[in-house]
Amino acid sequence: MVIILKTISGKIADAFSTVRWKTIIIYFSIFIFVFGFIAVTVGNIVSDFLTGERTAQQGEINQLFSVTITPHIISGNSKSLYEACQFAGNQYTGRFLVTDQNKIVIADSFSELNGTLLTGEEVNNVVEKGADKAHEFYKSSVGDKTIYSVNYACGIYEDGNLIGVCVYVASFQDIREKISEIYVSIWTIAIVASIAVFILCLASSHYITKPLSEFSTAIYNMSNGNFDTQIAVRGKSELDNLGRTFNMMSKKLSNLDRLRNEFVSNASHELRTPLSSIKILIQSMMYDEEMSKEVRTEFLKDIDDEIDRLNNIIEDLLNLVQTNNTKNPLRLSKTNMQELLNSIIEKLRPIAEKKNIEIQLEVKDDLIINCDKIKLQICFSNLIDNAIKYGNDNGHVFVNCYKETGNLVVIVKDDGIGIPAHDLPNIFDRFYRVDKTRSRNTGGTGLGLSITQRVIHLHGGTISTTSKLGEGTEFTITIPIID
C-alpha cells in the first residue's frame, strides 16, 4: 500500500512539474463550484419535493379529520370528540388536538393538554390571522437525538364562523433522515466526481493549458474593450479551429463596436439638435416679455416642427430596431401590389401637390405576392416620399411595378436634384445625408434608406441606385416571389 501511494504521489509530483499550477487550481475550483452548486440544488429540490409531498398529504388528513369532528363540536359531545381524536391518532400514528375558538384544548388524543391554551404559530395563523390552514416545523432533543415533527392546524367553522381549531401533530423524523441520506449520497458523488475531474485536469493540462491561456488572455482583453484581439493559429486541431472562429468573431465584434459607437454618436446628435432648438426658442419666449404675438406664434410653430422632427426620428429608430430584430420574423400575407402602392401614393399626394409634382403609377399585371405588407409599406413610402422631397417643383415621380423571371421589380424614379457619385455608396448608412442642410429642412432623419434596405434584405431581395446630379435618381428593387 505504501509503495502504491509513493508511486501515485511521484506521478502527481511529475505531473505538477509539467503543468501550470494556477491553471489547474482555477479549473479545478470551477468544477468544485459547479459540482457543489449542483449538489446543493439537487439536494434542495429533493428536500422540497419530499417535504411538500409529506406536508400536503398530512395537511389533507387534518382537513378531512376536521370535517369529521365538526358535528361532535357543534353537539358538544366531548366523549365522542375524544374517541374520534384517539381513533385518528392510532390510525395515522400521530396526535390530534381540538381547541375552541379561543385556542383552549377541548380534546386531546393523549389526554394530557385538556384545558390548556395552545400558542403555536400555526394555531395563531388560523385564529388570529384568519388562515384556513397552516403548519409549522418543530424540533426537540431527547438525549443526544434531535426529534423533528410538524404541527398542522385547520379551522373548524359553523355557518362561516370559527368554532374551533383541529391540530394534527405528526412525526417528520423519517423524512429528515431520508433527506440527510440523500444529501450524503449527493455529496459523495460530487466529491468523487471532483477527484476524477482533478485527475483529468492533471492528465490533460499539459496539452490544453497553453492555448487556453491564450484564449483567456484574449477574452480578458476583449472584456476590457479590445475587440480587435487576435489569437495565433498554428495548425488544424480543434483548438486551432476554435482560434480561427474566435478571430472571426473578434473582427465582427470590432466592426459592430465601431458601428455601435457611430450609431450612438449620430443618434445622440440627431436627438440633441431639435432639443437644443426647442430649448433656445422656449428660453427666448420666457425671457422676452415684450415679444410680439406674431413672433411668439412663429416660435411656437418652430417648436411644433422640431417636435414633429423628434417624433420622426424616434419612429424611424423604432422601425430600424424592429427590422434588425432577428426574433421578429416576417409576417407574410397575400398582398395586391397595385392596391398597396395606390394607398401609399394617395397618402403622399398632398405633399406632392404642394410642390406641383405629378406621381405616375404603372403596375403591369394583377400582381399579388406573399410578403410582409406593413414592412413593404414602410419601404415604398420612404422611397416615394424621398422622391417627392428631393424632386424639383413641377416635376414628376414615376413608380413602375412588374414581374420579371420570378421576381417582383419596383422602380421609383424622380427628375429631381440627384445624388453625387461619391455619395452613392453611403446612402444606405444610418444617419447618412447627402445634403444635411436640405435634409433637415425637408424633415429627413437619415434612417429611411437604411430601414428600406433592411426590409428588402429580409424579403431576400436587392436594392440598387442610379443617379445624376440635376437629372434625378432611380431606385430599383427586386424581390423573389414566393408562394
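The values are calculated or read from the model by the stated rules, or taken from the named source; none is laboratory data. What you see is a predicted model, and the numbers here were worked out from it, not measured in a lab. Cβ: placed from backbone, ideal geometry, glycine included. Neighbour counts: every protein chain shown. What goes into the accessible areas is simple: the full protein's heavy atoms, side chains included, and nothing from ligands, DNA or RNA. Shrake-Rupley method; radii C 1.70, N 1.55, O 1.52, S 1.80 Å.
Looking at region 91-115, which of its residues are in a strand (DSSP E or B) and among the acidic types (Asp, Glu)?
Within region 91-115, Asp100, Asp108 meet the criteria.
For every residue, the table says whether it meets (1) open to solvent by 30 Å² or more (accessible area, probe 1.4 Å); (2) assigned to a helix (DSSP H, G or I); (3) β-branched (Val, Ile, Thr).
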residue	(1), (2), (3)
Leu50	no, yes, no
Asn62	no, yes, no
Ile74	yes, yes, yes
Glu83	yes, yes, no
Gly89	no, yes, no
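Scan region 167-183 for residues that are part of a strand (DSSP E or B) and open to solvent by 10 Å² or more (accessible area, probe 1.4 Å) and report the count. Write out each step before concluding.
As a first pass, look at region 167-183 and keep what is part of a strand (DSSP E or B): 167-171.
Subsequent filtering for residues that are open to solvent by 10 Å² or more (accessible area, probe 1.4 Å) retains 169, 171.
Adding up the residues that qualify gives 2.
With the structure loaded, tell me whether Gly143 is out of contact with any Gly (no Cβ under 7 Å at 6 or more places or on another chain) and modelled with pLDDT under 85 or whether it fails that test.
yes
How do the pairs read when you match residues in region 61-74 that are over 16 Å from Asp100 (Cβ atoms) and in contact (Cβ under 8 Å) with a residue 12 or more places away in the chain with residues anywhere that are hydrophobic (A, V, I, L, M, F, W, C) and part of a helix (DSSP H, G or I), using Cβ under 7 Å and keeping only pairs 6 or more apart or on different chains?
Phe65/Ala88; Thr68/Ala84
May I ask you to list the residues in region 83-135 that are among the polar types (S, T, N, Q) and in contact with a Ser or Thr (Cβ under 6 Å, 6 or more places away or on another chain)?
Looking only at region 83-135, we keep the residues that are among the polar types (S, T, N, Q), and these are 86, 90-91, 93, 99, 101-102, 109, 111, 114, 116, 119, 124-125.
Result: Gln86, single match.
Considering each of Arg438, Arg430 in turn, give the residue that is in contact with a Ser or Thr (Cβ under 7 Å, 6 or more places away or on another chain) and modelled with pLDDT under 90.
Arg430
Can you pull out the residues in region 118-166 that are assigned to a strand (DSSP E or B) and under 18 Å from Ile74 (Cα atoms)? Spell out how you get there, then give the answer.
Here is the first cut: in region 118-166, the residues assigned to a strand (DSSP E or B) are 133-142, 145-158, 161-166.
If the condition is that a residue be assigned to a strand (DSSP E or B) and under 18 Å from Ile74 (Cα atoms), then Cys154, Gly155, Ile156, Tyr157, Glu158, Asn161, Leu162, Ile163, Gly164, Val165, Cys166 are the ones that fit.
If you take the residues in region 380-424 that are charged (D, E, K, R) and assigned to a loop (DSSP other than H, G, I, E, B), which one is farthest from the chain's Cα centre (by Cα)?
Among them, the one singled out is Asp393.
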